[in-house]
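Notes to accompany the following structure.
Please treat every number below as a calculation from the coordinates, not as lab data. Remember, it's a predicted structure, so these values are computed and weren't measured experimentally. Quick reminder, even Gly has a Cβ in these numbers, built from the backbone with ideal geometry, and neighbours come from all protein chains shown.
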Amino acid sequence: MFRMLEKEMVSTSEDELTAKVEREYEGGRVFVRAIKSGKYSLLEERRRQRESPRVYRTRDEPWRNGPVKWNKTLLQPAMGLMQSLQAAFEEIAPGGRSQKHGHQNSALMYVLNGVGYDIHDEERTDWKAGDCLIVPPGVVHQHFNASLEKPARVLVIKSKPLYNFAGLNFQEFVELAPKTAIQGWEDFHPSHEEDHSHD
């Protein structure tokens with residue numbers, strides 16, 4: 001009886017947290033793609049994967065979110081190209097910050113442009129163009145652009161689909177990215193330039 005009550009209390013707490021800080025995905029988000037076949041060999045799936053494009057233009061993918069923190073999806077399971085990785089560009093306006101959140105999977109951030117810092121479980125880590133930053137599993141973290149003059153762009157690579165597939169899917173927002181533009185950067189939108197060289 002006590003265990004059941006405790007479970008209900010935990011569930012209510014999680015529901016309340018999610019209700020306060022949640023982000024909606026237009027059209028939903030595919031975390032793990034189903035592989036369905038009428039045959040054991042999965043030959044059709046292997047053929048589909050091998051016939052998929054090996055190169056595609058990131059310019060064709062739209063930037064989403066904003067006005068302070070922007071995302072551009074590069075790779076996700078819904079695309080049918082790879083089931084084990086997710087990758088995206090993230091760009092933060094000058095003086096801006098991302099959402100504060102945590103997830104069970106680790107993440108690799110390669111800093112393409114700009115300078116900034118992360119807060120991981122209340123500890124600050126500085127980064128700049130050319131650096132690789134590791135976000136360990138389970139830490140509450142947030143990304144900040146330290147420059148007031150230039151945006152910061154990072155390439156984020158995660159093995160989140162593998163974690164989700166294994167049932168390790170706890171992830172929550174603590175604070176959403178700002179919905180009000182930084183003063184002086186009200187018209188900021190990431191460029192579609194293919195130049196991702198270091199500053």
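Most tightly packed first, judged by the mean number of other beta-carbon atoms within 10 Å of their residues, the peptides 177-186, 132-141 read 132-141, 177-186.
Close amide-amide hydrogen proximity is noted between V140 and D121, each under 5 Å apart and 5 or more residues distant or on a separate chain (H modeled in the peptide plane; Pro and chain starts excluded). Coupling constants for the stretch 156-166 follow from the phi torsions by the Karplus curve (6.51 cos²θ - 1.76 cosθ + 1.60, θ = phi - 60°), and in residue order they are 10, 10, 9, 9, 3, x, 5, 5, 4, 4, 7 Hz; glycine and proline get x.
Looking at the stretch 45-148, the trypsin sites (Lys or Arg not before Pro) that sit in a DSSP loop and have at most 14 other Cβ atoms within 10 Å of their own Cβ are R54, R57.
In sequence order, the stretch 134-146 has phi-based couplings of 9, 9, x, x, x, 8, 7, 9, 8, 9, 10, 8, 7 Hz under the Karplus curve 6.51 cos²θ - 1.76 cosθ + 1.60, θ = phi - 60°, and Gly or Pro positions carry x. Sequence-ordered 3J(HN,Hα) estimates for the stretch 175-188 from the Karplus curve with 6.51, -1.76 and 1.60 and θ = phi - 60° stand at 8, 7, 4, x, 9, 10, 5, 5, 4, x, 10, 4, 9, 5 Hz, glycine and proline given as x.
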